[in-house]
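In what follows, a single structure is set out as structure tokens and then discussed.
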């Protein structure tokens, strides 16, 4: 039901609301303190750079990797350097049951999960005419559909 012009001009409970208390310092505005952030493909490249930035901002880091177990040591290094909690998990992101299982473990280990960054990706470095259907499906699963099951899982 729409308001009339007269109703729109009347004060309502809870309005006007006070302006939010935004920190004046940009570092406080971008603080991730108290947040738990999971990043897929976090063993190297963009995923690890994002993990570093969030750790610098005070966030706890969940590094997901598929085969590059260097993520384990990198997580330990981030925790030590920034005084945060960090842990690496081996996850095949194209397997929805594994994704759900690991998200459950993350929530057990960290108490919650605030942010999920679907960064994992793969490239098959050969011509499409030389790529098998299985390779193509795997690439599409990791690069495209892997983010979908993670967005459907309720972790709150």
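Extent along the principal axes, Cα only, for the chain: 69, 43, 29 Å, with the longest axis given first. Computed from Cα positions, the angle between helix 96-110 and the longest principal axis of the chain comes to roughly 60 degrees.
Within 10 Å of each residue's Cβ, count the other Cβ atoms and sort 27, 15 from fewest upward. Show your work: numbers first, answer last.
On the way: 27 10, 15 7.
The order, fewest Cβ neighbours first, is 15, 27.
Here the calculated FRET efficiency for residue 125 and residue 49, from their Cβ-Cβ distance with R0 = 22 Å, stands at 0.50, rounded to the nearest 0.05. Tell me the relative contact order for the chain as a rounded percent, counting alpha carbon contacts under 8 Å between residues six or more apart. It rounds to 21 percent for the chain.
Please arrange 63, 30 by counting, for each residue, the other beta carbons lying within 10 Å of its beta carbon, fewest first.
30, 63
Exposure proxy ranking for 61, 128, based on other Cβ atoms within 10 angstrom of each Cβ and starting from the fewest, stands as 128, 61. Just to verify a number: FRET efficiency for residue 105 and residue 140, C-beta to C-beta distance, R0 = 22 Å, to 0.05? Efficiency for this residue pair is about 0.25. Over the chain, dividing the summed -39,500 (n - 2.57) contributions of all DSSP H runs of at least 4 residues by the number of residues returns a 222 nm mean residue ellipticity of -11000 deg cm²/dmol.
Bear in mind that the values in this text are calculations on the coordinates, not laboratory data. Keep in mind it's a predicted model, so treat the numbers as computed, not measured. Positions of Cβ are generated from backbone atoms using ideal geometry, with glycine treated the same way; all protein chains shown enter the neighbour counts.
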